[in-house]
Amino acid sequence: MGFVWSLTLYHERRENLYKKFKKPNKINGFWHLTNAYQYAYEGEQKEWINARLKEGKTWLEAICLKNRMIMEDSKLRNISGLQEYFSALQTNSNYVLVLSCSDECSVYWRKFVEVSDLPLRTDIAWRESYVAIIDGGAIKVDQKSREELDLDYKFVVGHPKYSVEYVDGQLKVGCEPLEHCKIKVKSKGYTGAMGTHRSEVVVDNIDYSMNRTGINMVVIDKETGKVADSVNVNTYADPGLTIHRA
């Protein structure tokens, strides 16, 4: 009886803490943090980003403003339907797509795979961590785990640029050094401790993941190495699989 009482008291205290500090929503019997408290950014950074979102900025716009970067144009950001979104990605192999789970993503994962028409695994279990990387249409990573996933990936940006010139009567061929885009991806499902679940998609030292419950996706242009879009799809609680950008 003592063990049962202690376990019950633990859950009551945990829910009270969530209510007091995290402004949660209760979905399917479980407490989940509201969007304003789920980002990997902390302290003043988080407050600044949340202020931009309240002004009507998208997540990607806020990140670019914070880092004083100019967003490149992308037709992807005008697409709101998931099936149309992935159709656009599949007709253009010039993207790297990164998927990272935060908290829980398994409930509507099979439907997500079916709608996206991606050849990804469908055996993700309750609150497992998950990362996928698709480079030019090819699956490079498709990994799940009960533990936190922490992966590195890089790709060549653009194409080799050659130059041909005559110097002192001799023909010389030059080639500019190739640049690499470096990506660090983290995924951690909910493990019972408050605030431990997370998603990070760090592209050249900047985290672009929305870090919300479900699947967080970051699309990178292979020609420029710049992020074209950053979205979230709540594959835990949204059967409609809505694309979120803020």
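Taking Cα atoms of the stretch 78-244, Rg/Rh with Kirkwood Rh, to two decimals?
Rounded to two decimals, Rg over Rh is 1.10.
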Under 26 Å between C-alpha atoms, the lysine pairs in the stretch 143-212 lying 8 or more places apart or on different chains count 11
Once phi for every residue in the stretch 65-75 is put through the Karplus expression 6.51 cos²θ - 1.76 cosθ + 1.60 (θ = phi - 60°), the whole-Hz ³J(HN,Hα) values, with Gly and Pro written as x, are 4, 4, 9, 6, 10, 9, 6, 7, 5, 8, 5
If unit charges are put on Cβ atoms (+1 for Lys and Arg, -1 for Asp and Glu) and the dipole of the stretch 78-244 is taken about its Cα centre, the option from 225, 244, 170 lying farthest towards the positive end turns out to be 244
Applied in sequence order to the stretch 238-243, the curve 6.51 cos²θ - 1.76 cosθ + 1.60 (Karplus, θ = phi - 60°) yields integer Hz couplings, x standing for Gly and Pro, of 10, x, x, 6, 6, 7
Among GluC sites (Glu not before Pro) in the stretch 44-115, those in a DSSP loop whose Cβ has at most 12 other Cβ atoms within 10 Å are 55, 72
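Are there trypsin sites (Lys or Arg not before Pro) in the stretch 31-133 that DSSP puts in a loop and that have at most 16 other Cβ atoms within 10 Å, and which ones? Spell out each step's value before the answer.
Working: sites: 46, 52, 54, 57, 66, 68, 75, 77, 110, 111, 121, 127; in loops: 57, 68, 121, 127.
Answer in residue order: 68, 121.
Restrict the search to the stretch 164-246; then list the GluC sites (Glu not before Pro) that DSSP places in a loop and that have at most 13 other Cβ atoms within 10 Å of their Cβ. Walk me through the intermediate numbers first.
Working: sites: 165, 179, 200, 223; in loops: 223.
Sparse-neighbourhood loop GluC sites (Glu not before Pro): 223.
Values quoted throughout were computed directly from the atomic coordinates according to the rules given, and no laboratory measurement underlies them. Quick caveat, the model's predicted, so the values are computed rather than measured. Virtual Cβ from ideal backbone geometry, glycine too; neighbours counted across all protein chains shown.
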